[in-house]
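Peer 1: My questions all concern the structure below.
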Amino acid sequence: MNHDQYSDAYVRRILQSAKSIAIVGASGNEVRPSFFVAKYLAAKNYKTFPINPGRAGKEIAGSMTYASLADLPTPVDIVDVFRRTDALPGVVSQIMSMPELPKVVWLQLGIRDDAIAEALEMAGINVVQNRCPKIEYARLCGEIGWTGFNRRTISAKKPKLSKGFQHYRLGDGDD
């Protein structure tokens, strides 16, 4: 896979098919990006599982926090990694030890390791590197356009409104 760019269809398919996301490196600090991403994804009806050994047993963004991926009570569709690149080998070791492998490993902005991505793909796991699922979701559903950003999608169709104030959801890709 070319990890320099991802098609909108690829990212949309991942985000639409996923129901649960483990967030490795989630923070309990409300001003940290990992907290905000966890809160946003939970608001979009994903079941989130924050992973933070120092906060295990407490809530982060409304979800119970676990010490490690091995402690998760259920399989997850996506493992979203908020850890530095040099921590990836340990995270990948935890992922590969999971009883049921995730469908996707998502490496946050600034995190990229092509050798690790290739190893994960050889195990049948899709990989997204150097991207944020919150930003991609907002871009694909039209929310990011509210703030003047170019979402690289032109459409005359009104985005599908979800419950809540100004919450759009991902459509079927026809926008």
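Peer 1: Tell me, yes or no, whether the range 86-94 has at least one residue that is among the charged types (D, E, K, R), loosely packed, with under 14 Cβ neighbours inside 10 Å and closer than 25 Å to Asp114 by Cα. Explain how you work it out, then say what you get.
Peer 2: Initially, the range 86-94 is screened for residues among the charged types (D, E, K, R), giving 86.
So of that shortlist, the ones also loosely packed, with under 14 Cβ neighbours inside 10 Å come out as 86.
This time we only want the ones that are closer than 25 Å to Asp114 by Cα, so: 86.
So far as the range 86-94 goes, yes, one or more of its residues are among the charged types (D, E, K, R), loosely packed, with under 14 Cβ neighbours inside 10 Å and closer than 25 Å to Asp114 by Cα.
Peer 1: Any idea which of (1) over 27 Å from Leu170 (Cα atoms); (2) at pLDDT 95 or above is the one Arg84 doesn't satisfy?
Peer 2: The number of the failed condition is (2).
Peer 1: What's the total number of residues in the range 41-63 that are assigned to a loop (DSSP other than H, G, I, E, B) and more than 13 Å from the chain's Cα centre (by Cα)?
Peer 2: Of the residues in the range 41-63, 6 are assigned to a loop (DSSP other than H, G, I, E, B) and more than 13 Å from the chain's Cα centre (by Cα).
Peer 1: Only one of Ala115, Ala123, Ala119 is surrounded by fewer than 18 Cβ atoms within 10 Å (Cβ to Cβ), out of contact with any helix residue (DSSP H, G or I) (no Cβ under 9 Å at 6 or more places or on another chain), farther than 27 Å from Asn45 by Cβ and aliphatic (A, V, I, L, M); which?
Peer 2: Of Ala115, Ala123, Ala119, the one residue that is surrounded by fewer than 18 Cβ atoms within 10 Å (Cβ to Cβ), out of contact with any helix residue (DSSP H, G or I) (no Cβ under 9 Å at 6 or more places or on another chain), farther than 27 Å from Asn45 by Cβ and aliphatic (A, V, I, L, M) is Ala115.
Peer 1: Looking only at the range 15-39, how many residues end up being crowded, with 20+ Cβ neighbours inside 10 Å and either assigned to a helix (DSSP H, G or I) or modelled with pLDDT under 95 (or both)?
Peer 2: 4
Peer 1: Can you find, within the range 64-83, the residue that is nearest to the chain's Cα centre (by Cα) among those that are under 23 Å from Ser17 (Cβ atoms) and acidic (Asp, Glu)?
Peer 2: So, considering only residues that are under 23 Å from Ser17 (Cβ atoms) and acidic (Asp, Glu), the one nearest to the chain's Cα centre (by Cα) is Asp80.
Peer 1: Can you tell me which residues in the range 64-82 are in a loop (DSSP other than H, G, I, E, B) and touching a residue at least 60 places away in the same chain (Cβ under 8 Å)?
Peer 2: Listed by number, the list holds a single entry, Asp77.
Residues are listed down the side, and each one gets a yes or a no for (1) closer than 19 Å to Pro33 by Cα; (2) of a type outside the set (S, T, N, Q):
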{"site": "Ser68", "(1), (2)": "no, no"}
{"site": "Leu72", "(1), (2)": "no, yes"}
{"site": "Thr85", "(1), (2)": "yes, no"}
{"site": "Ser93", "(1), (2)": "no, no"}
{"site": "Val104", "(1), (2)": "no, yes"}
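Peer 1: Quick check on the range 14-43: of everything there that is of a type outside the set (Val, Ile, Thr) and without any contact (Cβ under 8 Å) to a residue 12 or more places away in the chain, which residue is nearest to Arg84 (Cα to Cα)?
Peer 2: Out of the qualifying residues, it is Arg32.
Peer 1: Which count do you get for residues in the range 1-14 that are over 18 Å from Cys132 (Cβ atoms) and not in a loop (DSSP other than H, G, I, E, B)?
Peer 2: The number of residues fulfilling the criteria is 1.
The values are calculated or read from the model by the stated rules, or taken from the named source; none is laboratory data. Only a predicted model underlies this, so the values are computations on that prediction, with no experimental measurement involved. Cβ coordinates were reconstructed from backbone atoms using ideal geometry, including for glycine residues, and neighbour counts include every protein chain displayed.
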